[in-house]
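Trainee: Can you keep this structure in mind? I'll have questions shortly.
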Amino acid sequence: MQRSEAQARKASLAESVLAAISELMSSAAAVDAEQENFMDVGSHLHHVAPATVELQKAQNSPTNTLHIMEYLAANVDLAKDLAARCSAVAQQLMDDDLLGITEDLDNVIKNISNELNRIPVSTFASSPAVSGHLQVVKNRHDLYDQRSCDGYSEGDMSMVLAVERPRRRTLHNSDMPRLVDFLQGMYQESHEFGGQSFNSLPEVAEYVEPLYDSFFCPLTNTVMVDPVTTESGVTYDRRAIEEYFEKFTDGSEPVICPVTKMAMQSKTLRSNIPLKNTIAEWITRNEATRIRIARTALSMATTEAMVLEAIHELKLLARLRRKNRDQMHKIGITKFLARLLDHKDALIRCDSLDLLCLLVEDDAGREIIAKTRAVSRTIKLLSSSSPDERHAAISFLVELSKSELLLESIGSTAGSILILTTMKFNNSDDPIAAEKAGEVLKNLEKCPKNIKYMAESGYLDPLQKHLVEGSEDVQMEMVSYLGELVQKQEMTINIAGSASEILIKMVHSGNAAIRKAALDVLVQISSHHPNGKTLVDAGAVPVMVEELFIRKIDDEPMGSKTEAAAVLANIVESGLDPEAIVVNKEGHVMTSKYSVYNFAHMLKCSMPDTLNLSIVRLLLALTALPKPLATVVSVMKEQDSSQTVIELMGSLTESLGIAATRLLIALSSQMGHTIAQKLCKASGQPGKLVKSIGLHGRITERHEVSATLLAKLPCQHIALNIALLNGGAVATVLAKIEEIQRGETRTSRHTKAYMEGLVGILVRLTTTLYDPDVLLAAMDHNLTSVLTDLLVRSTGSEEVQRLAAVGLENLSSQSPNLSQPPTEDRRPKKKNIIQRLREAHAGRVHDNRRPPAHSRVCPVHRGVCSPSTTFCLVEAGAVEGLLCVLESNENGRVVEAALGALCTLMDDAVDVTSGVAVLAEHDAARHVLRALRQHRDDGRGDSAGGGGTVTRRCFWAVERFLAHGGERCVREVTSDRALPALLVSAFHRGDAATKQVAESVLRCLHRMPDYSATYESVEL
C-alpha cells in the first residue's frame, strides 16, 4: 500500500514538473533577448558513465527518486522566477546584464536536465504519459551528447580529491545571510530533506551526489584514491594499508587485519578496479555539481560573502584538473568573472582575478576573455592603491600576455603601455609588480605594433633591440616606426651606439623610403645633444658630409642633403669640440678651412630654405669658439658670403631669417664694418630691420635679433647711422621703449634683449654727433632726458644702465661745444651752431623742444645749457641717477660707464672747479671711494689683461677732488683709510695708465715727491 502511494506521489510530481517546464519554455520564448540562449531542456542532458548508471539503478531507492523530483520542482520554480525577471525588466537592462540573466536561466535548465536523466523510465511504468515524456528527454540527451560532453574518462583522472565523510552540522548564526543558507532555501518545502543543513558548498554537492560508505578507507576515513583488497576481503586505500603493514616488517608477530582483527597469512594486495572506477566517476560528477552550484551562487548571491565563498570553491576546483576549467568555460563562469572586475568590493575583484589566472591557462579561456572587456578593466586595476589588487591584476596580465591572440588587445588599450613601463621602472616602490610588468612588456614585444606603442610612451629599449638584433625586414619596420614617431611628435630619443650604426648603414640603402626614414630619425636623434658623441663615434659625420657634398641620387635632388646638413648642425650644436670631429678620410676636421669653405659655398638663395637654415646653424655654432670664428670670418670675406646671409635675413621662413641675423651678430665683432657697408647697399635695408623692430604685438625673437644686430654693428659707421635716421629708426625706437615702460606691449623671454638692443641703437647715434643730421635728431628727441630716465627705469637690465651711461657720456662730451654765453654777451653778427643747424634743416625736422623760460648760465659749461640743446647732465638731473648707479650696482662695466659720464663734468674742457663743486653737493666723493673699494680687485685681475678701467677712473676722479675740491671734499677723501693702500697696490701692480694716475693722487696726498716743483738756487 505504501509502495503504491509513493509511486502515485512520484507520478504526480513528475507530471507537475513537466507541466511547469512547458510553462517555463513558453515564458522564455516571450522574452525579448538573445533567445538562442534559451535551449530545449533535452539539449542540456549530460553524459552519465554506464557504470554509474548501473550503480544508481541498483542503489537508488524510490525515496531517492522522490528527492530528485522535489529538487527538480525547486529548480523549475527558480527558472520561472528568472524568466519572469528577464521579461519584466528587459527594456531597462544593459546587454551584459540581460545576457547574464539568460546564462543563469540556461544553467538552471541544465540542472533540470541532469536530474531528469537520473530517473529511470521504469520508475513511472504506471504512468504512460510521464514515461513517454522522459523517453523523449533521454532521446534528446543522446543527440546533445554527440555535440558536447561534460563527463570525464578514466584516463583523464590524474588526481583524486580526498573528501571527508559528510557530517551534518547546524547553520552558522550570522546577521548576514550566507550562500549556503540561500541554497538551502531550495529544499525548504521538502519534508524528506527537512532537518538537513550545510556548512559548505561541497556538502551541498555531496548531498546531491551522495557518498557511499564503500568509498571510504577504514583506516583514514577519507575517500580512497587507489582502493585495494586484502586477504581478509576488506578494501583499503593502498597508501594507508601499506603504511599499516610496515608495523609488521620484523615477522615476529602475524599481520592482523585492522577491521576484522583476524590474522592474515599474506600481505598481498589486489586492486579493486570496479570500485576505483566508481569512485572516479563519483568525483567527476561531484565536481561538476559543485561547479554548477557555485555558478548559480554567483548569479543569485545577495551579499559579497556569498560571492567570495563561490569564487573560493571555484578556485579549488579549477586547480584540480583541466576538465573542471573546461566546464567553467562552457557554463559561462569565465565570462561572468570578467564582469566582476567592475565590482565595488575590492576582495571580490582580487579573488576574481586570481580565478581568472587559472582559467586563462588554456587557449579556450583566453579566447573567451578576448571577447570581453576584461583587459581594459584589468589595466584600470593596475593603478589601484591596494598592493594585493595590483599584484592580482599584473599576474592576470602575465597570463594573458602569453597568448598571441591578446597581445595587440593589451598593447592597444589606452594607457596600458604607459602604466606598465611606469610600474617597471618604479622598482623601489613595488619590486614584485615591477618584475611582472617587465615580464608582460617582454611578452608584448612579440607583436610589432606593441613595440611602436612602447616607443610612443617613451620606452625605446625594445625598438632599439629589434633594430639591432632583428632581421632585415624587422629592422626596416623599426626604422619606419621611428620615422613615424619623429614626424608625429617631438620626443627625446636616447640612442645606443649599435642602433645608430644600423641607422647610418641604412642611409646607404637604395630604398628611398628607408633612407628617408633613417635620415629623419637621425635628425631627431641628433637634436638630443647627449646623442652627439654617440653618433660621432658611430661614424655619422663622414657619412653625412658625403651625403651633403658628394653623393647624388637622381630621384633625391635635395632631400637627403637637407637632412644630412641638419644632422651635422645638431652634432656641432651639441657642445662637442668641432676641432676633434673628423669629416673625411683625409683627416679634415669640422673647423678646417676646407670644411668651412664647402659649407659656406652651399649658402645660396636658390637653395631650399631648410638646407640654408641647417648650413647657417652649423656656421653659427662654429663661431662660438675663437679659432673657428676666425676661419669662418676669413672664408666669408673671401667668398663675399655676407651678402648672401644679409639676403637670407629677409626670408619668408621665420627660423631662417632669425638664424641668418644671429650669424651676422656673431660675425659683427670681426667684420662689422663690412656687414654694415653691405647692409646699407642691400635692397630695402636697413629699413626692413627697422620695420621688424617696430612690428606690433608680442615681442618675439625677430624683434630681439633685429634690434641686437643694429646695436652690435660698429657704432661710428656714419652711413648706417644716417640710413637709420632716414628710415625713422629714432622715432620707432623711442615709441617701442615707451610702450615697454608703460606696459602696453606683451612681454616675453625676448623682452630684455630687445630692450637692450633698442637702447643700443640710440647710443650708436651718440657716437656720431659730429654729423649735423645726427646732432639735430639728438636735440629734437631730447636723448639726454631719455637716457637719464633709462638709468632709473632700466626694467632690471644692467646692460640698459650701462648703455644709458655710455650714451650720456657721449652727449655730455659735446656740451662744452654747444653751450653759448648768455644772449646779451653774444655778438649779433655771428650765429651759433644751433641757429645754423635750424636754418639748414628748416622745414624738414619738426622741433618739439620748448624754449627755456629764462636764460641761466651753467657754472660747469660757462653758458646757457639745457638737456635738449646742449645735453647738459646737470640740467637734465643725470648726476643723481649716475651716482645712484655707483651706489647700487656691483657690475664693473656699469660702474665704469657711470664714472665715465661723471668724469665729463670734471675734464679740462669745462670749469673743473665748478664741476667738482656740483658733484660735491651730491656727495660724489663718497660714492666714488665706495666704488673704488668695491672694485679694488678689478685692477689686480685686469692688470694682466690690460684692464683696471674702474680703478683708473676712480683714481682720476679722486685726483680732481683733491686738486679742485673744497675743504669738505678734500677732508672726506683724505680721511678714507683704505685709499693709501689701494693707491700703493695700483702703483705696484697696475698697468701704465693706472700707475700714472695713482702716482698723481699719491703726490696730492704728499706720499710721493713732486718733481714738478720749482727750486731756488742757493749760493754757498
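The values are calculated or read from the model by the stated rules, or taken from the named source; none is laboratory data. All of these numbers come straight from a predicted model, not from anything done at the bench. All Cβ positions, glycine included, derive from the backbone under ideal geometry; neighbour counts span all protein chains shown. Calculation scope for accessible area: heavy atoms of the full protein, side chains included, ligands and nucleic acids excluded. Shrake-Rupley method; radii C 1.70, N 1.55, O 1.52, S 1.80 Å.
Trainee: Looking for whichever is surrounded by 21 or more Cβ atoms within 10 Å (Cβ to Cβ), out of contact with any Lys or Arg (no Cβ under 9 Å at 6 or more places or on another chain) and assigned to a helix (DSSP H, G or I) here; the options are 347, 353, 397. Which one fits?
Mentor: The unique qualifying residue is 353.
Trainee: So, residue 734, is that one among the hydrophobic types (A, V, I, L, M, F, W, C) and over 17 Å from residue 700 (Cα atoms) or not?
Mentor: So residue 734 passes the test.
Trainee: I'd like the residue in region 247-281 that is surrounded by 15 or more Cβ atoms within 10 Å (Cβ to Cβ) and among the aliphatic types (A, V, I, L, M) and, out of all such residues, is farthest from residue 220 (Cα to Cα).
Mentor: 264
Trainee: Residue under question is residue 705, and the condition is that it be over 25 Å from residue 610 (Cα atoms), of a type in the set (A, V, I, L, M) and in contact (Cβ under 8 Å) with a residue 40 or more places away in the chain; does it hold?
Mentor: No: the conditions fail for residue 705.
Trainee: Failed condition for residue 826, given (1) surrounded by 15 or more Cβ atoms within 10 Å (Cβ to Cβ); (2) at pLDDT below 55, with all others met?
Mentor: (1)
Listed here are the residues, each with its yes/no results for (1) out of contact with any Cys (no Cβ under 7 Å at 6 or more places or on another chain); (2) more than 30 Å from residue 367 (Cα to Cα); (3) modelled with pLDDT of 90 or more.
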position	(1), (2), (3)
248	yes, yes, no
266	yes, yes, no
278	yes, yes, no
286	yes, no, no
290	yes, no, no
300	yes, no, no
318	yes, no, yes
335	yes, no, yes
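Trainee: Now, a different point. Residue under question is residue 370, and the condition is that it be surrounded by fewer than 19 Cβ atoms within 10 Å (Cβ to Cβ) and farther than 28 Å from residue 429 by Cα; does it hold?
Mentor: Yes: the conditions hold for residue 370.
Trainee: Residues that are under 19 Å from residue 874 (Cβ atoms) and open to solvent by 10 Å² or more (accessible area, probe 1.4 Å): list the helices (runs of 4 or more DSSP H) wholly contained in region 750-815 that include at least 3 such residues.
Mentor: 783-792, 798-812
Trainee: Taking interchain pairs and intrachain pairs at least six residues apart, which have beta carbon atoms under 6 angstrom, with the first residue in region 338-351 and more than 15 Å from residue 298 (Cβ to Cβ) and the second in a loop (DSSP other than H, G, I, E, B) and among the small types (Gly, Ala, Ser)?
Mentor: Listed pairs, sorted by first residue: 346/386.
Trainee: Then there is this: Residues in region 419-435 that are under 17 Å from residue 385 (Cα atoms) and either part of a helix (DSSP H, G or I) or at pLDDT 90 or above (or both): how many?
Mentor: Looking only at that region, the number is 9.
Trainee: Which numbered condition trips up residue 220, out of (1) in contact with a helix residue (DSSP H, G or I) (Cβ under 6 Å, 6 or more places away or on another chain); (2) part of a helix (DSSP H, G or I)?
Mentor: Checking residue 220 against (1) in contact with a helix residue (DSSP H, G or I) (Cβ under 6 Å, 6 or more places away or on another chain); (2) part of a helix (DSSP H, G or I), the one that fails is (2).
Trainee: Next up: Suppose the filter is open to solvent by 10 Å² or more (accessible area, probe 1.4 Å), modelled with pLDDT under 85 and under 25 Å from the mean Cα position of the chain (by Cα); does residue 460 pass it?
Mentor: For residue 460, the condition - open to solvent by 10 Å² or more (accessible area, probe 1.4 Å), modelled with pLDDT under 85 and under 25 Å from the mean Cα position of the chain (by Cα) - is met.
Trainee: For region 400-434, give me each residue that is open to solvent by less than 30 Å² (accessible area, probe 1.4 Å) and of a type in the set (Asp, Glu).
Mentor: 430
Trainee: Continuing with this model, one more query. Considering region 245-266 alone, what residues qualify as being of a type in the set (Gly, Ala, Ser) and in contact with a strand residue (DSSP E or B) (Cβ under 7 Å, 6 or more places away or on another chain)?
Mentor: The one that is of a type in the set (Gly, Ala, Ser) and in contact with a strand residue (DSSP E or B) (Cβ under 7 Å, 6 or more places away or on another chain): 263.
Trainee: Check region 687-698 and report whether any residue there is among the charged types (D, E, K, R) and farther than 29 Å from residue 745 by Cβ.
Mentor: No.
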